[in-house]
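Just below is one structure, and these are the notes that go with it.
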Amino acid sequence: MKVIGFDTSNYTTSVAWFDGLDWDNQSRLLPVKPGALGLRQSDALFHHVVGLPELTDRLFCHVRPEDVAAVAVSTRPRAVDGSYMPCFLAGVTQAKAIAALLHVPLFEVSHQQGHLAAALQSTGRMELMERPFLAWHLSGGTTELLLVEPENKNFACTRIGGTTDISAGQLIDRTGQLLELPFPSGRHLDSLSLEAKRTDVFRVKCPELEFSLSGVQNQVQNYHAAGYGAAETAGFALRCVCQAVERATCNALKRYPGLPVVFSGGVASNSMLRRWMERCDAVFCPPKYATDNALGVAVLGYRAWEG
């Protein structure tokens, strides 16, 4: 039996199925005009509505209605009071309609919980669902260090650190805009950074588990204005992010010794960050499951259906 999952974030439309062992995920980035930093919520919602039929056609071509046990959907960014973005309504309306048509249960989760479940499933580390662990959610809108604990076949996520202002993804995309790269800029900045020769870095202050990245944005702009090219500027920006994340992680492991550290979110697909964090007990999933996807939503729906 399969559980269908929907995730309609501010950047990506995704649908997936999961049957307890195998899965399929279909995703498509939302279109963003050159030079823009993201989309208005109304535009994101529109593009989800337009794109969902094509993705569901691809996903459902080999799925029989009688094999669908349940439907799951991400309804909000995080499982906390006040967390809301209209773009998730596209997935919610689709999921509710399919669940009603098939007379199967509907399970609601958060986008952040879906990220964590996708990271664990795609790395074969689902045993971590049954024990506490530390996790980073690094994306275009979120840079949070979490203490994650099992709760009702899902996660209870407590923010213990991270950025106090702009997210790592925002810094990366603003650097991409500075270098006239497409949005989202993570993949392009990653490729450019491989050509960098320099190793200098602006050391972000991180006395405990929190840090600020707004000052890094100014440092990156000054670095580029000083005459350093695109590759060196990309490398400098990413090294600053990696250094801040590493320092917060090391401080967290002193407070919570022995816990594994799971990385999720689009920024967790960055190759420099993966090399930088090799010295820690870090769990990185395949890049396509670090970025926005519906696999984790389907996984959590399957766990809820299984009971």
*Take the residues in the stretch 122-180 that are outside any helix (DSSP H, G or I) and β-branched (Val, Ile, Thr), then tell me which one is farthest from Phe18 (Cα to Cα).*
Thr164
*Cβ-Cβ below 6 Å, separation at least six or inter-chain, first residue in the stretch 28-44 and free of Cβ contacts under 8 Å to residues at least 12 places away in the same chain and closer than 17 Å to Ala90 by Cβ, second surrounded by 12 or more Cβ atoms within 10 Å (Cβ to Cβ) and among the hydroxyl-bearing types (Ser, Thr, Tyr): which pairs?*
none
*Just one of Leu30, Leu55 is open to solvent by less than 60 Å² (accessible area, probe 1.4 Å), modelled with pLDDT of 95 or more and out of contact with any helix residue (DSSP H, G or I) (no Cβ under 6 Å at 6 or more places or on another chain); which is it?*
Leu55
*Determine, yes or no, whether Thr164 is β-branched (Val, Ile, Thr), modelled with pLDDT of 95 or more and more than 23 Å from Pro34 (Cα to Cα).*
yes
*Count of residues meeting criterion [in a strand (DSSP E or B) and within 14 Å of the chain's Cα centre (by Cα)] in the stretch 93-121*: 1
*Mind telling me which of the residues Gly296, Gly307 ends up being touching a helix residue (DSSP H, G or I) at 6+ places or on another chain (Cβ under 6 Å), among the small types (Gly, Ala, Ser) and either at pLDDT below 95 or open to solvent by less than 10 Å² (accessible area, probe 1.4 Å) (or both)?*
Gly296
_First in the stretch 72-87 and farther than 17 Å from Gly296 by Cβ and open to solvent by 30 Å² or more (accessible area, probe 1.4 Å), second anywhere and among the hydrophobic types (A, V, I, L, M, F, W, C) and at pLDDT 95 or above, Cβ under 8 Å, 6 or more apart_ = Pro86/Ala44; Pro86/Leu45
*The one condition in (1) modelled with pLDDT of 95 or more; (2) open to solvent by 30 Å² or more (accessible area, probe 1.4 Å) that Ser122 fails to fulfil*: (2)
*Being surrounded by 16 or more Cβ atoms within 10 Å (Cβ to Cβ) and part of a loop (DSSP other than H, G, I, E, B) is the filter here, so list the residues in the stretch 181-222 that pass it.*
Leu181, Phe183, Pro184, Ser185, Ala196, Val201, Phe202, Val204, Cys206, Leu209, Leu213
*Under 6 Å between Cβ atoms, at least 6 apart or on separate chains: pull out the pairs that start in the stretch 196-220 with a residue that is touching a residue at least 12 places away in the same chain (Cβ under 8 Å) and end on any residue that is assigned to a helix (DSSP H, G or I) and open to solvent by 50 Å² or more (accessible area, probe 1.4 Å).*
Phe202/Gln219; Cys206/Arg247; Gln217/Arg174
*Number of positions in the stretch 11-27 that are open to solvent by 30 Å² or more (accessible area, probe 1.4 Å) and touching a Leu at 6+ places or on another chain (Cβ under 7 Å)*: 6
*Residues Phe133, Phe107: which one is open to solvent by less than 60 Å² (accessible area, probe 1.4 Å), in contact with a Pro (Cβ under 7 Å, 6 or more places away or on another chain) and aromatic (Phe, Trp, Tyr)?*
Phe133
*Can you name every residue in the stretch 274-293 that is open to solvent by less than 20 Å² (accessible area, probe 1.4 Å), part of a helix (DSSP H, G or I) and either charged (D, E, K, R) or within 27 Å of Arg28 (Cβ to Cβ) (or both)?*
Ala290
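The values are calculated or read from the model by the stated rules, or taken from the named source; none is laboratory data. Remember, it's a predicted structure, so these values are computed and weren't measured experimentally. Note that we place each Cβ from the backbone using ideal geometry, even for glycine, and neighbour counts take in every protein chain shown. The area values use the complete protein model at the heavy-atom level, side chains included, leaving out ligands, DNA and RNA. Shrake-Rupley method; radii C 1.70, N 1.55, O 1.52, S 1.80 Å.
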